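Heads up: the structure comes next, in structure tokens.
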């Protein structure tokens, strides 16, 4: 009887080990990316993403394992252990209004004791780039020792609080066209696609606006600069909107590609010209003859910003 009991105990231990090994062999570590530390960020700012690992016994997440879409940034990794890391995106650069997110993590950033690698399918939540805000002006010093914060009198155009002295406020003069000092604005529309196959085309709109009226648009091919790829450029449209079409796109796979539109490509009636260049969001170049797995993408600083 004791021998039978001893044999049963041994069999139970063996079966438990086998089941544990089989379970580890099929369970794949999971990766989750939390929402960004903020929904918006100024140009040049910093965003953090917390990454959580489940079922991993080894985590080796490096900056080169992280891919982002919609902007460029310096990438660093904080934290340790096998459960959590923080991806830090600093000096974020991109077009105002661009939606930025983590689009891939390379394979093999985490694994379990059976050698199974973590998989990350999908993308993170996005944040939006906003314009850098100018600092608020410091309070003025009126050189008055009154601790109550004395403010200098305001010229009220001859009107006093004791009653109407017979003087009425002169109406403001309409500004003359020659007094128009405001420059026209240029805004780029969304790219028609964020992933483009070699040899195919992509397009976007360029829109101009002014506080009065746009006089003429001078946008031409020489005002379009391509970063990280080559293409045939065509510009169509009239009025205050132009459509830029880039066809027969060619370049190396990997890296982030984008387009820059030069300043001074439109002017208003007073001769003021657009004074700010603009960049599109970034896109990836893919090839139908390759698998294009996320792990295949390696950001190339020579083709990105």
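The values are calculated or read from the model by the stated rules, or taken from the named source; none is laboratory data. No experiment lies behind these values; they were computed from the predicted model shown. With ideal geometry, Cβ positions are generated from the backbone for all residues, glycine too; neighbour counts draw on all protein chains shown.
Some notes on this structure:
- Answer residue from the range 206-234, given it is farther than 16 Å from residue 274 by Cα and assigned to a strand (DSSP E or B) and is nearest to the chain's Cα centre (by Cα) among those: 227
- From the options 95, 125, 103, residue that is part of a strand (DSSP E or B), assigned by TED's automatic domain parsing to the domain that holds residue 47 and at pLDDT 85 or above: 103
- Within the range 193-205, considering residues that are at pLDDT below 90 and part of a strand (DSSP E or B), the one nearest to residue 103 (Cα to Cα): 195
The rows are residues; the columns are (1) in contact (Cβ under 8 Å) with a residue 40 or more places away in the chain; (2) crowded, with 18+ Cβ neighbours inside 10 Å.
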{"site": "78", "(1), (2)": "no, no"}
{"site": "81", "(1), (2)": "no, no"}
{"site": "85", "(1), (2)": "no, yes"}
{"site": "90", "(1), (2)": "yes, no"}
{"site": "94", "(1), (2)": "yes, yes"}
{"site": "104", "(1), (2)": "yes, yes"}
{"site": "111", "(1), (2)": "yes, yes"}
{"site": "124", "(1), (2)": "yes, yes"}
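- Only residues that are surrounded by 18 or more Cβ atoms within 10 Å (Cβ to Cβ) and over 15 Å from residue 76 (Cβ atoms) were counted in the range 38-54, giving 2.
- As a summary of the residue check, residue 8 satisfies the conditions (1) at pLDDT 90 or above; (2) part of a helix (DSSP H, G or I) except for the one numbered (1).
- Residues satisfying the stated conditions in the range 271-291, i.e. more than 22 Å from the chain's Cα centre (by Cα) and either surrounded by fewer than 20 Cβ atoms within 10 Å (Cβ to Cβ) or at pLDDT 95 or above (or both): 271, 272, 273, 275, 287, 288, 289, 290, 291
- Enumeration of residues in the range 174-192 that are surrounded by fewer than 16 Cβ atoms within 10 Å (Cβ to Cβ), modelled with pLDDT under 90 and assigned to a loop (DSSP other than H, G, I, E, B): 174, 175, 176, 181, 182
- Single residue of 236, 240 found to be loosely packed, with under 15 Cβ neighbours inside 10 Å and in contact with a strand residue (DSSP E or B) (Cβ under 7 Å, 6 or more places away or on another chain): 236
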